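The values are calculated or read from the model by the stated rules, or taken from the named source; none is laboratory data. Everything quoted here is computed from the prediction, not taken from an experiment. A quick note on method: Cβ atoms are made from the backbone with ideal geometry, for glycine too, and the neighbour counts reach across all protein chains shown.
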Amino acid sequence: MQIDGRPVGVPSDLSTYLAAKRAGDTVVLTVRRGGGSEAQAIAFNATLGERPFELIRPEPLIPGELARPPASLLMSLEKTG
């Protein structure tokens, strides 16, 4: 997978890249379909949208800790084309 021509090796690569983007920005996502010599790269434009704050991993308080780690947030694609 690539985003704007940059390889995405692990999910955090994508998260790091998108963290610098704003709602309304358009990125080019490239994915590969199929396998072996018949694999095809397919690229499409995706417009980033705003997503209401959504907690996805509220880590539990570990005994002995005084505070919780920061919660994680999600963002979404608004449209593709």
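Points to keep in mind about this one:
- If you go through the range 1-43 and keep only what is out of contact with any Lys or Arg (no Cβ under 9 Å at 6 or more places or on another chain) and among the β-branched types (Val, Ile, Thr), you end up with 3, 8, 10, 16, 26, 28, 30, 31.
- Index of the failed condition, residue 16 passing every other in (1) hydroxyl-bearing (Ser, Thr, Tyr); (2) in a strand (DSSP E or B); (3) modelled with pLDDT under 90: (2)
- Within the range 1-27, residues that are within 14 Å of residue 50 (Cα to Cα) and in contact (Cβ under 8 Å) with a residue 12 or more places away in the chain have Cβ atoms under 9 Å from residues that are surrounded by 12 or more Cβ atoms within 10 Å (Cβ to Cβ) and polar (S, T, N, Q) in these pairs: 23/47; 24/47; 25/47; 26/47, counting only partners at least 6 apart in sequence or on another chain.
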